[in-house]
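Peer 1: Below is a structure I'd like to ask you about.
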Amino acid sequence: MDETFELAVPDGQPVITYHREFGAPVTRLFRAHADPGLMARWVGPKEAGIRLSHFDFRPGGGYAYRQVDGQGRGHVFNGVFHTVLEDELIIQTREFDGVLELIGLESVAFTDLGDGRSGLTGHHVYRSQGARDAMASGGMEKVLVDGFARLDAVLEEMHDGGNGLP
């Protein structure tokens, strides 16, 4: 497929943005974010899996999971869903390993590109330039690229699995 991935880490701003296109309709892409069983299959780098301990996908709900690599090492992520607009937008906080400085506010926008394709645009805002730099230099791009490659497979299985989704 001809998917795209763009990551921007602008100088002097405590933000990271990314964009990726997918060969699946927006309804399927959103569901892969909203369903804890599906989400757990694609989030994170390819050499790691996640152990989901909490997932309440609604405004005011939250999530918590531990990302674990092949040697059992891992990181804890958790946050609160502030806005959930089906097939359109998720706004959530994201905390990394309990480090107050590394809490970010993330928006994820879903776009119908037509012809059964969709786009995903993420925007992360951090408390400081230093926090943003720590996330950017800590492998965030690899985590996103790997996770989105795994998401492609999940989206294809959702289509092939006869889940009633286009």
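Peer 1: Can you find even one residue in segment 132-146 that is surrounded by 14 or more Cβ atoms within 10 Å (Cβ to Cβ), closer than 19 Å to Y18 by Cα and touching a helix residue (DSSP H, G or I) at 6+ places or on another chain (Cβ under 6 Å)? Step through it out loud before you land on a result.
Peer 2: Initially, segment 132-146 is screened for residues surrounded by 14 or more Cβ atoms within 10 Å (Cβ to Cβ), giving 132-136, 140-141, 143-146.
Filter once more, keeping what is closer than 19 Å to Y18 by Cα: 132-136, 140-141, 143-146.
Now drop any that are not touching a helix residue (DSSP H, G or I) at 6+ places or on another chain (Cβ under 6 Å), which leaves none.
So far as segment 132-146 goes, no, none of its residues is surrounded by 14 or more Cβ atoms within 10 Å (Cβ to Cβ), closer than 19 Å to Y18 by Cα and touching a helix residue (DSSP H, G or I) at 6+ places or on another chain (Cβ under 6 Å).
Peer 1: Further question: Could you run through segment 1-43 and say how many residues are assigned to a loop (DSSP other than H, G, I, E, B) and over 24 Å from G74 (Cβ atoms)?
Peer 2: Residues that pass the stated criteria total 13.
Peer 1: Of the numbered conditions (1) under 11 Å from the mean Cα position of the chain (by Cα); (2) free of Cβ contacts under 8 Å to residues at least 24 places away in the same chain, E95 satisfies every one except a single condition; which is it?
Peer 2: It is condition (1) that E95 fails.
Peer 1: Could you figure out which of (1) among the charged types (D, E, K, R); (2) free of Cβ contacts under 8 Å to residues at least 60 places away in the same chain; (3) within 23 Å of E47 (Cβ to Cβ) isn't true of E101?
Peer 2: Going through the list (1) among the charged types (D, E, K, R); (2) free of Cβ contacts under 8 Å to residues at least 60 places away in the same chain; (3) within 23 Å of E47 (Cβ to Cβ), E101 breaks only (3).
Peer 1: Please find, within segment 1-21, the residue that is surrounded by the fewest Cβ atoms within 10 Å (Cβ to Cβ) out of those that are touching a residue at least 24 places away in the same chain (Cβ under 8 Å) and among the hydrophobic types (A, V, I, L, M, F, W, C).
Peer 2: Step by step, filter segment 1-21, then rank; the result is M1.
Peer 1: For R132, are the conditions met, namely being touching a strand residue (DSSP E or B) at 6+ places or on another chain (Cβ under 8 Å), under 11 Å from L102 (Cα atoms) and either in contact (Cβ under 8 Å) with a residue 40 or more places away in the chain or among the polar types (S, T, N, Q) (or both)?
Peer 2: Details: touching a strand residue (DSSP E or B) at 6+ places or on another chain (Cβ under 8 Å): yes; under 11 Å from L102 (Cα atoms): yes; either in contact (Cβ under 8 Å) with a residue 40 or more places away in the chain or among the polar types (S, T, N, Q) (or both): yes.
Criteria met by R132.
Peer 1: When only residues in segment 22-57 that are at pLDDT below 95 and among the β-branched types (V, I, T) count, which is surrounded by the most Cβ atoms within 10 Å (Cβ to Cβ)?
Peer 2: V43
Peer 1: Output the residues belonging to segment 58-79 that are surrounded by 16 or more Cβ atoms within 10 Å (Cβ to Cβ) and within 22 Å of T121 (Cβ to Cβ).
Peer 2: Y63, F77, G79
The values are calculated or read from the model by the stated rules, or taken from the named source; none is laboratory data. Just so it is clear, the structure is predicted and the values come from calculations on it, not from any experiment. Ideal geometry is used to build each Cβ from the backbone, glycine not excepted, and the neighbour counts take in all protein chains shown.
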